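The values are calculated or read from the model by the stated rules, or taken from the named source; none is laboratory data. No experiment lies behind these values; they were computed from the predicted model shown. Neighbour counts are summed over all protein chains in view; Cβ atoms, including those assigned to glycine, are modelled from backbone coordinates with ideal geometry.
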Amino acid sequence: MADPKGFLKNGREVASRREVAERVNDWDEVYPDGIGRALLPIINTQAGRCMDCGIPFCHQGCPLGNIIPEWNDLVWRDDWDGAMDRLHATNNFPEFTGRLCPAPCETACVLGINQDPVTIKNVEVSIIDRAWGSGYVRPQPPEWLSGKTVAVIGSGPAGLAAAQQLTRAGHTVAVYERADKIGGLLRYGIPEFKMEKKHLDRRLDQMRREGTVFRAGVNVGADTLTGPQLLARYDAVVLAMGATQARDLPATGRELGGIHQAMEFLPQGNRASLGEEVPDQIVATDKDVVIIGGGDTGADCLGTSIRQGARSITQLEIMPRPGEDRPAGQPWPTYPMTFKVSSAHEEGGDRMYAVSTQEFVGDADGNVAALRLVEVDAKFQPVEGTEREIPAQLVLLAMGFVGPEQPGLIEQLEVELDERGNVKRDESYAASVPGVFVAGDVGRGQSLIVWAIAEGRSAAASVDAYLTGSTTLPSPIKPHERPLVV
């Protein structure tokens, strides 16, 4: 274990963010010089808080099965290279999860029963940022080639994890992405202030050096490559396109101008923040912005709107406001629904809970001018006498996703779907069509980045076994496993 008395001597500390007045004027990460550097002065002490648990529940909290106590101990002993090796043994992209994962491992931490849990996520990102800075992260090309070819459709975390594992196993892997650059939602869905794209680009460069081929700007199933052609060209196919069909809100006035899905707004904002020219960009500048949806995507819209100079921002959530403490019905080590304050929420805007949108009110030009809402009770029924209007010239729908887009490749491949419209797969991540495998949100439904990476790694192991008869690749989870946390 790490420091035998660490959890008794030291309290929880996290990295300090830049001052709000400074960071809202740029698109850089909210931590000074990056979160990894910001953490280094305190991280050895924090890693030393990890206890010698009889059963380390953090393992079960992490879908990747990260061996957390071991790399905490190595960090405390100042063995950073050993810590990185242990971290990379279970996670291809800790620089992504260390910035973007909601850390279900921490809510499962045994120390969290009666104290603040270990800062697992902060230790993780410090290990990988230091490893990149020291040049310790290098390409790992295969020693031999199998002669087998694999197409991975989608370059988000599930697709990238599957591609890297299969490339290292010796297969020839091509990753297809319909956007103009590789990365999926990591590229254009995650704002720069949460994860600067240099972290993605250097990992992609590593993968290219290992032999993975990236083909951006190709919408498989709609452009020059159809589903049947894909099956004829490759020995195996991994579907990792995500769940990109956004949930809509069919309220009166939905057709008015100025009402957009979050994933129309965020990618444009990301492109503009990176210096790209964006014709007819949706912007929040000098507007009253209403964000419908209280999750992470809504917070991303909030932070982006603040940096674009919105006049006012209101985030709506139909659920009641969560409490500060773990609810009695969500005991340790389950993932609790508690009140959270993201970096964007620190920066401004108002949050309204237990409200429902009744109508979008338009102006004479056919654009949204206001939103009519009402408070709701525990059964989401309107509370009489609570109707009100709030101004809105830009409404952003951030209510999540209902599944993958079926027209195009999914229909062409004629794979079976489950009752929720996701691509159906068996225990080995195989779809109903031989040679087709499914990883991430396209089969699981909307979920977390850590689940996507875990499924990408697991699907890669199944593909490797399908192509060669056996595999030594790790398989963290079965498709329908759900541990004690989200």
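Do we have CYS105 as over 21 Å from THR45 (Cβ atoms), assigned by TED's automatic domain parsing to the domain that holds ALA15, crowded, with 24+ Cβ neighbours inside 10 Å and not hydroxyl-bearing (Ser, Thr, Tyr) here?
Spelling it out, it is not the case that CYS105 is over 21 Å from THR45 (Cβ atoms), assigned by TED's automatic domain parsing to the domain that holds ALA15, crowded, with 24+ Cβ neighbours inside 10 Å and not hydroxyl-bearing (Ser, Thr, Tyr).
Out of (1) free of Cβ contacts under 8 Å to residues at least 40 places away in the same chain; (2) over 23 Å from GLY189 (Cα atoms), what's the single condition that is false for ASP73?
Against the list (1) free of Cβ contacts under 8 Å to residues at least 40 places away in the same chain; (2) over 23 Å from GLY189 (Cα atoms), ASP73 comes up short only on (1).
Any residue that is of a type in the set (S, T, N, Q), in contact (Cβ under 8 Å) with a residue 40 or more places away in the chain and crowded, with 18+ Cβ neighbours inside 10 Å - is there at least one of those in region 22-42?
no
Restricting attention to strands (runs of 3 or more DSSP E) lying wholly within region 379-486, give those where 1 or more residues are modelled with pLDDT of 95 or more, surrounded by 22 or more Cβ atoms within 10 Å (Cβ to Cβ) and within 24 Å of the chain's Cα centre (by Cα).
Those strands (runs of 3 or more DSSP E) span 394-397, 436-438.
In region 258-270, which residue that is hydrophobic (A, V, I, L, M, F, W, C) and within 21 Å of the chain's Cα centre (by Cα) is surrounded by the most Cβ atoms within 10 Å (Cβ to Cβ)?
Going through the qualifying residues, I end up with PHE265.
Please tell me if VAL368 is in the same structural domain as LEU256 (by TED's automatic domain parsing), crowded, with 18+ Cβ neighbours inside 10 Å and either free of Cβ contacts under 8 Å to residues at least 60 places away in the same chain or not acidic (Asp, Glu) (or both).
yes
Can you tell me which condition GLN245 does not meet? The list is (1) of a type outside the set (A, V, I, L, M); (2) touching a residue at least 12 places away in the same chain (Cβ under 8 Å); (3) closer than 22 Å to ALA161 by Cβ, and all the others hold.
Evaluating GLN245 over (1) of a type outside the set (A, V, I, L, M); (2) touching a residue at least 12 places away in the same chain (Cβ under 8 Å); (3) closer than 22 Å to ALA161 by Cβ leaves (3) as the failure.
Assuming GLY294 fulfils every condition listed in (1) out of contact with any Phe, Trp or Tyr (no Cβ under 8 Å at 6 or more places or on another chain); (2) under 16 Å from THR357 (Cα atoms) apart from one, which condition is it?
The failed condition is (1).
Evaluate region 334-357: report whether one residue or more is at positive phi, out of contact with any Ser or Thr (no Cβ under 8 Å at 6 or more places or on another chain) and either part of a helix (DSSP H, G or I) or free of Cβ contacts under 8 Å to residues at least 40 places away in the same chain (or both).
Taking every residue of region 334-357 in turn, at least one turns out to be at positive phi, out of contact with any Ser or Thr (no Cβ under 8 Å at 6 or more places or on another chain) and either part of a helix (DSSP H, G or I) or free of Cβ contacts under 8 Å to residues at least 40 places away in the same chain (or both).
Can you find, within region 240-252, the residue that is surrounded by the most Cβ atoms within 10 Å (Cβ to Cβ) among those that are under 30 Å from VAL173 (Cα atoms) and of a type in the set (Gly, Ala, Ser)?
It comes out as ALA240.
Determine whether GLY323 is assigned to a helix (DSSP H, G or I) and either buried (at least 19 other Cβ atoms within 10 Å of the Cβ) or without any contact (Cβ under 8 Å) to a residue 40 or more places away in the chain (or both).
No.
Condition check ((1) closer than 30 Å to LEU409 by Cα; (2) touching a residue at least 12 places away in the same chain (Cβ under 8 Å); (3) part of a strand (DSSP E or B); (4) not β-branched (Val, Ile, Thr)) across all residues:
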| position | (1), (2), (3), (4) |
| --- | --- |
| MET241 | yes, yes, no, yes |
| ARG254 | yes, yes, no, yes |
| GLU264 | yes, yes, no, yes |
| PRO267 | yes, yes, no, yes |
| VAL278 | yes, no, no, no |
| VAL289 | no, yes, yes, no |
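Hey, among the residues in region 271-298 that are more than 18 Å from the chain's Cα centre (by Cα) and hydroxyl-bearing (Ser, Thr, Tyr), which one's surrounded by the fewest Cβ atoms within 10 Å (Cβ to Cβ)?
THR285
Checking GLU255 against (1) surrounded by fewer than 21 Cβ atoms within 10 Å (Cβ to Cβ); (2) in the same structural domain as LEU413 (by TED's automatic domain parsing); (3) farther than 22 Å from ALA344 by Cα: exactly one of these is not met. Which one?
(2)
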